[in-house]
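A short reminder: the numbers here are calculations on the coordinates, not readings from a lab. What you are looking at is a predicted structure, and each value in this text was computed from that prediction instead of being measured. All Cβ positions, even for glycine, are placed from backbone atoms using ideal geometry, and neighbour counts span all protein chains on display.
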Amino acid sequence: MTSNQVLSEVEYRVVGKRPVRPDGVDKVTGRAQYGADVYPAGLLHGKVLRSPHAHAKVVSIDTSQAEAYPGVTAVVTAADFPFASMSREELGGGYQRLKFATDLIMASDKVLFKGHPVAAVAAVNPHVAEEAVRLIRVEYQQLPAVINVQAAMEEKSELIHDDLYTSYLGENSEKPSNVAAHLYFDKGDIEQGFGEADVVVEREFHTEMVHQGYIEPQNSTAFWNTDGHLTIWCSTQGSFMIRNAVADVLQFPISKIKVVPTEIGGGFGGKISTYLEAPAALLSRKCGQPVKMVMTRTEVFEASGPAPGSWMKVKMGAAKDGLITAAHVTLAYEAGAYPGSPVMAGTSCALSCYDLQNGRVEGYDVLVNKPKTSAYRAPGSPQAAFAVESVLDEICEKLALDPLEVRIKNAAKEGTRRVEGPVARKIGLIECLDAAKSHDHLKKPVQGKNRGRGIACGFWMNRGFQSSVTMTVQYDGTISLLMGSVDIGGTRASIAQQTAETLGIAYEDVHPTVVDTDSIGFTFVTGGSRTSFATGLAAIGAAEDVKEQMVKRAAQIWDTPAENVEYADGVIRHRSDPELQMSFQALAKQLGSTGGGITGRNNIDPSGEGNGYAVHIVDVEVDQETGKVDILRYTAVQDAGKAVHPSYVEGQMQGGVVQGIGWALNEEYFFNDQGQMMNSSFLDYRMPTSLDLPMIDTVIVEVANPGHPYGVKGVGEVPIVPPMAAISNAIHQATGLRMASLPMSPGKILEALWENGKS
Amino acid sequence: MPGLVHVQTTINGVQTDFLAEPRQSLLEVLRDVLGKTGTKEGCNDGNCGACTVILDGRIVDSCLVLAVETQGSEVTTIEGLATADGLHPIQQAFLEQAALQCGICTPGFIVASKGLLDQEPDADEARIRHWLAGNLCRCTGYDKIIRAVLEAEKLSK
């Protein structure tokens, strides 16, 4: 069995240790309450009627039989949403935005993907609700389904929205189009750069739509009380985002909506958007009782927000010595039925591993009759990295240069300006490449027939954004910490560790709780690799607030000015009188009798995030008979900044790698020519199992982020970025094949082998 | 609405009577009727293992078992592993080895692992990977889960 390494620059007392997580016992005993585990008194169950067509006009909806069915308490359609009774004049420039937001939740005039909600029913139990849903009669007029991203971009394509125009450099196109946006970033002079190249490689790539694959389906329980207050329990990455989105489509004040985040069974970006909350709320308002809605797995595949499929083109030129002289990347990403693919982030990431003099990145946000895409771990970056890192590998091959050395030669570093503008602060790509170079994995040659090794790099910018924390000193010397960031993968632990470090107290004395939207300030999603960084900073700030108040209280007790008192390592002491000192716990005990409790608070919107870089090495074996690719060995190297809890950092890296392996080898949405997904179950959408994998080795390279007191960066996103290219490059070494589309499934590998006449 | 059937079974060592519709799965009854929500629903078609329970000594996906089929059976769910004295060694190992992130698949993995270790207390990595292939985890990449089961073998001795 192989190992995990941590390359540390600085050690701390609590940060960097591996304590047991505060929510751990509840999660190993089954007591933790996830979204579907909410059972308020009087609970009813809701189900959704969904479109069987990928593209059709809704001619009529007849809900009368469903409404009359015994056990049914309420039925809603788009007609129950405020948008239905608002005029275009009233909404002005906001018309299209509110129409899109409402229609995604409940279709009005058209259905735009298979699984698009058309109506919802509440009933005494889920079976009755299901039966009633089948009694709703909908008349459709089918339209041609637009399912290919390249065809969708053509002028003659069927239009998904007749009033959507292409935005390009601040202008809108004259004619409506399925292309919502054309992004364009340029640095230097690529024509000159290609002229200076000794070798130029230009390739096209395709990837298919894939799903985040979280195990817990989307769920929502809503209760619209007779006092006009709406409470929503759901598993979400961002309770405030859900609150605001529901307020928007229901045209209802945020102050009357309380979102209570439950434990969340995975998200990976897919649990940011709202789907079930507004229908559940409207059903509850109609029948006066709480209504729970839970998606089936098929609904999750067909009607939540997967990651886009793509068409991409990469042209890259390099000099004989391996210096990249120019690169031109074009990304066309599926938005799904409404605008907003992650192509913008894709353009930011595509070339950001390298310090280029000349680069151009173009992106297209392309509508197709498929579910509206959502974020998925480093959204937009993995597709682009598959294309760019594959082309770079081919350049290295043509120049007979070592792919790791070429990456070191071109690596982005502090001061590198990315093609789309930002200048890198302290980053750790070169440190990762150096760590990879000296790793045991690269020192041992890959041996055996049909085996090969590949490497690839990956980038994610990481994020800051708003976070809020309050913490109260309990009179027994512990801290009750409240935060708005939901805990998907151990952030209660990482925030408690940073708090304990700052206050100089034991980790076990910090008790974190994730609270609802009425109980804490605005907090952005748990996502984008921001929580340990941004909510960590919020906690550190709140802890500093506690320290300041503790100093003042001690000064009051000692009857001395506060500037004579200092707080260090959990002890409050008089600066000049060594007799006067108290531990945090001793002072906490006196708070009640010296003026009352102390609560620290902090609401922030930090910049200063540190970019994330990763370098992956993989060995594969390709079965020439079946086309199956086996992962023999995998090593992920990543600059995580300071790893607050190394076990959970390793877990993030390993989990990201394995999602990437699935994306590389198996996972894809199969659509028929009518745009209907044909593999909407875990049997047919095959995610990696324990049997498909070896242990995933990790190397955490800690290049401290100067924008955080303990050097914390983001962790979770970047490990999904390199695997597809790394595996493709390994397949090339094993077979000579250059794979240009994902997934590199057995069938596709076999076809490529046959085409090459190699088997 | 179909008539209700009286079912008598033993759940986590306690004789339990419940009424179920013939169409209700064991998973549905555990959660909706008996309040045992530790058993999770991930797919409801037997492909993710989040609802794994032990039925008369064998691990099963409780979404694929009709509740009325459990008449006279013994069922162990995640709620039946820890005692007042503390966690089961498998639970302890998952906790200490950071073998969970979001935790939704964790009850299924722990119950499935118990099903293995009850019969094969010295299962090796390959055997554990094979046994747990019916349980999907999307967060961890399985690495720390496999290590936790190996660690649980040591803790059990």
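Quick notes
- Cβ-based net charge around A:Val58, under 10 Å, with every Lys or Arg adding one and every Asp or Glu removing one: 0
- Over region B:5-80, the pair-distance histogram of Cα-Cα distances with 5 Å bins from zero comes to 3, 19, 32, 30, 14, 3 percent, rounded to whole numbers.
- Counted by neighbouring Cβ atoms within 10 Å, the residues A:Glu89, A:Glu131 run from fewest to most as A:Glu89, A:Glu131.
- Over 29 Å apart at the Cα level, from the set A:Lys589/A:Lys713; B:Lys36/B:Lys114; A:Lys271/B:Lys114, are A:Lys589/A:Lys713; A:Lys271/B:Lys114.
- Couplings 3J(HN,Hα) of region A:493-500, computed from phi: 5, 5, 6, 5, 5, 5, 5, 4 Hz, in residue order, whole Hz [Karplus 6.51 cos²θ - 1.76 cosθ + 1.60, θ = phi - 60°; x for Gly and Pro].
- Scanning chain B for DSSP H helices at least 15 Å long along the axis (C-alpha atoms) with a Kyte-Doolittle mean no lower than 0.5 picks out B:106-117.
- Qualifying GluC sites (Glu not before Pro) in region B:59-143, where qualification requires a DSSP coil assignment and no more than 10 other C-beta atoms within 10 Å, are lacking entirely.
- A Förster distance of 25 Å, applied to the separation of the beta-carbon atoms of B:Asp118 and B:Ser73, puts the FRET efficiency at 0.95.
- For region A:207-279, a crude dipole built from +1 on the beta carbon of Lys and Arg and -1 on the beta carbon of Asp and Glu, taken about the Cα centre, is about 200 debye to the nearest 20.
- Of every Cα-Cα pair in region A:467-604, the percent that sits beyond 27 Å: 21 percent
- Only Lys, Arg (+1) and Asp, Glu (-1) charged, at Cβ; chain A dipole about Cα centre in debye: 680 debye
- From the C-alpha gyration tensor of region B:89-155, square roots of 5λ in Å: 16, 13, 10
- Here the Karplus curve 6.51 cos²θ - 1.76 cosθ + 1.60, taken at θ = phi - 60°, turns the phi angles of region B:60-68 into couplings of 9, 7, 5, 6, 9, 10, 6, 4, 5 Hz, with x standing for Gly and Pro.
- Charge tally in the Cβ shell below 12 Å around B:Leu55, where Lys, Arg are +1 and Asp, Glu are -1, B:Leu55 excluded: -3
- Neighbouring Cβ atoms from other chains, within 10 Å of the Cβ of residues in A:258-268, number 3 on average.
- 10 Å Cβ neighbours from other chains, averaged over peptide B:20-26: 1
- Convex hull per residue volume in Å³, alpha carbons only, for region A:554-712: 249 Å³
- Among the GluC sites (Glu not before Pro) within region A:506-590, those in coil by DSSP and having at most 16 neighbouring Cβ atoms inside 10 Å are A:Glu579.
- Stokes-Einstein diffusion coefficient of region A:377-441, Kirkwood radius over Cα pairs, 37 °C, 0.692 mPa s, in µm²/s: 245 µm²/s
- Residues whose amide H lies under 5 Å from that of A:Val486, counting only those 5 or more places away or on a different chain, are A:Ser239, A:Thr526; hydrogens are built 1.01 Å from N in the peptide plane.
- Each Cα pair under 8 Å and six or more residues apart adds its sequence gap; the mean of these over the residue count of chain B is a relative contact order of 24 percent.
- Going from the fewest other Cβ atoms within 10 Å to the most, the residues A:Asp684, A:Asp23, A:Asp487 appear in the order A:Asp684, A:Asp23, A:Asp487.
- With a simple spin-label model that places each label point 7 Å from the Cα along the Cα-to-Cβ direction, the separation between B:Arg127 and A:Ala568 comes to 5.7 nm.
- Dipole of chain A, positive end: most advanced residue of A:Tyr275, A:Val515, A:Ser173 [Cβ charges, Cα centre]: A:Val515
- If you take all other residues with their beta carbon under 9 Å from the beta carbon of A:Ala318, and give Lys and Arg +1 and Asp and Glu -1, the sum is 0.
- Neighbour cut-off at most 16 other Cβ (10 Å), DSSP loop, trypsin sites (Lys or Arg not before Pro), region A:108-153: A:Arg134
- The aspartates and glutamates whose alpha-carbon is closer than 17 Å to the alpha-carbon of A:Lys398, local same-chain residues fewer than 8 away aside, are A:Glu196, A:Asp198, A:Glu202, A:Asp321, A:Glu389.
- 3J(HN,Hα) along region A:584-600: 3, 5, 5, 5, 4, 4, 8, 4, x, 9, 10, x, x, x, 10, 10, x Hz, from the Karplus curve 6.51 cos²θ - 1.76 cosθ + 1.60 with θ = phi - 60°, whole Hz, x for Gly and Pro.
- Whole-number percent relative contact order across chain A, with pairs defined as alpha carbons under 8 Å at least 6 apart: 16 percent
- The Rg/Rh ratio of chain A, with both radii computed over alpha carbons and Rh defined as the Kirkwood radius, is 0.99.
- Computed helical MRE - 222 nm, chain A, DSSP H runs ≥ 4 contributing -39500 (n - 2.57), nearest 500: -8000 deg cm²/dmol
- Antiparallel bridges, percent of DSSP beta bridges restricted to the protein assembly as shown (to nearest 5): 75 percent
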